[in-house]
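In what follows, a single structure is set out as structure tokens and then discussed.
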């Protein structure tokens, strides 16, 4: 059987001969066609991948906005010591990592609701503009982390003086 083109699949326009072949009494559904089976790679149903039971890393929700001279990132990090936060900055990207330790005071079956996230978390953000890494600042107050990233001023220019080295013999 000829594989239908993209347009044929999109519009559903398949030749009447093909419908007749599939709907005939001789055709058994599931029979492989003489040509290649287009779904052969996908039919590995009984060999499902083994699930890894390592705890998943949570994604830190953030707000990111800009002012005239800086990009500001805010994130709720309540329950995380500022010393346990790892913030990596490049000119166009920021990665925030941390770990929120769980203090379980009750057995699992005694909980009515469990909505808080415990464990490691991270978030990588692509910045809309380049920033000055050395002037970045991060502060935490009442569980709110605020990272201030001064924007790189691409229009700034300076005059460079050329130095001359005269060799005296």
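What follows is calculated from the coordinates using simple rules that are stated; it is not laboratory data. Keep in mind that this is a model prediction, so the values were computed, not measured. When we count neighbours, we look across all protein chains shown, and the Cβ atoms used for this are built from the backbone with ideal geometry, even at glycine.
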What is the calculated FRET efficiency for residue 129 to residue 56, with r their C-beta to C-beta distance and R₀ = 25 Å, to the nearest 0.05?
0.20
Order these peptides, 116-124, 97-105, by their mean beta-carbon neighbour count within 10 angstrom, highest first.
116-124, 97-105
With r as the distance between the Cβ atoms of residue 116 and residue 158 and R0 = 35 Å, compute the FRET efficiency 1/(1 + (r/R0)^6) and round to 0.05.
0.10
What nm value, rounded to one decimal, do you get for the distance between residue 104 and residue 165 when each label is placed 7 Å out toward the C-beta?
6.7
Expressed in nanometres to one decimal, the distance between label points 7 Å along Cα→Cβ at residue 81 and residue 148 is 2.7
